[in-house]
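The values are calculated or read from the model by the stated rules, or taken from the named source; none is laboratory data. Bear in mind that the values here come from a model prediction, so they are computed numbers and not experimental data. Please note: Cβ atoms are built from the backbone with ideal geometry, for glycine as well, and neighbour counts cover all protein chains shown. With ligands, DNA and RNA removed, areas are computed over all heavy atoms of the protein, side chains included. Shrake-Rupley method; radii C 1.70, N 1.55, O 1.52, S 1.80 Å.
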Amino acid sequence: MDKIKDKATRRRFRQWMKDSARLIQVDSDVFSTLKSAVFEVRQGCKSKDSKRQNADIANAATAYTKAYLPCAVILSTQIDSDILLRYRAEKWAVITGVIGTSEPLLSTYDFLKDVVGYDLAAFFSRNQEALKKEVDSVLRRLLEP
């Protein structure tokens, strides 16, 4: 947290952490020891693989022992509701790729816009043609014989 130079951004981030911790029912004693957050960024999270889920839960426990709030940042809306509930029950803050909710506790894009100060949704919108073209080019090269 001390690496966030802008004081207003640091305050917004600290408040977001506090609100996120309250949402997932982190004890206030535990929250008071947290120094920042650690982010696991994924495109989607639909795997029902229990080994993957158990590893994620273990990672969250490790994050808390190091005084970090674990947060899964999902860029899309592709997350199974059972996984979402399990991760939140295991004290993961989880934000997903919903757009237009004005809710930084639930939306990756609202978090980035309202807390961090960067509009990632607008970036994707501005650059969608170039991104599509590049993905298409990569896929074509990968699929060539």
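Note on segment 1-28: residues that are loosely packed, with under 12 Cβ neighbours inside 10 Å and among the hydroxyl-bearing types (Ser, Thr, Tyr) amount to 1.
The set of residues from segment 44-103 being over 20 Å from PHE31 (Cα atoms) and among the hydrophobic types (A, V, I, L, M, F, W, C) comprises CYS45, ALA55, ILE74, LEU75, ILE79, ILE83, LEU84, LEU85, VAL98, ILE99. Is it true that LYS91 is open to solvent by 40 Å² or more (accessible area, probe 1.4 Å) and in contact (Cβ under 8 Å) with a residue 40 or more places away in the chain? So LYS91 passes the test.
The single condition among (1) in a loop (DSSP other than H, G, I, E, B); (2) free of Cβ contacts under 8 Å to residues at least 12 places away in the same chain; (3) touching a helix residue (DSSP H, G or I) at 6+ places or on another chain (Cβ under 7 Å) that LEU112 does not meet is (1). Here LYS48 clears all of (1) over 20 Å from ARG10 (Cα atoms); (2) in contact (Cβ under 8 Å) with a residue 24 or more places away in the chain; (3) surrounded by 11 or more Cβ atoms within 10 Å (Cβ to Cβ); (4) more than 17 Å from the chain's Cα centre (by Cα) except the condition numbered (3). Only residues that are closer than 17 Å to ARG42 by Cα and open to solvent by 20 Å² or more (accessible area, probe 1.4 Å) were counted in segment 111-128, giving 4. Of all residues in segment 1-35, those that are more than 14 Å from the chain's Cα centre (by Cα) and either among the hydroxyl-bearing types (Ser, Thr, Tyr) or part of a strand (DSSP E or B) (or both) total 4. Candidates are the residues of segment 55-77 that are of a type in the set (Val, Ile, Thr) and surrounded by 14 or more Cβ atoms within 10 Å (Cβ to Cβ); the one that is farthest from LEU112 (Cα to Cα) is ILE57.
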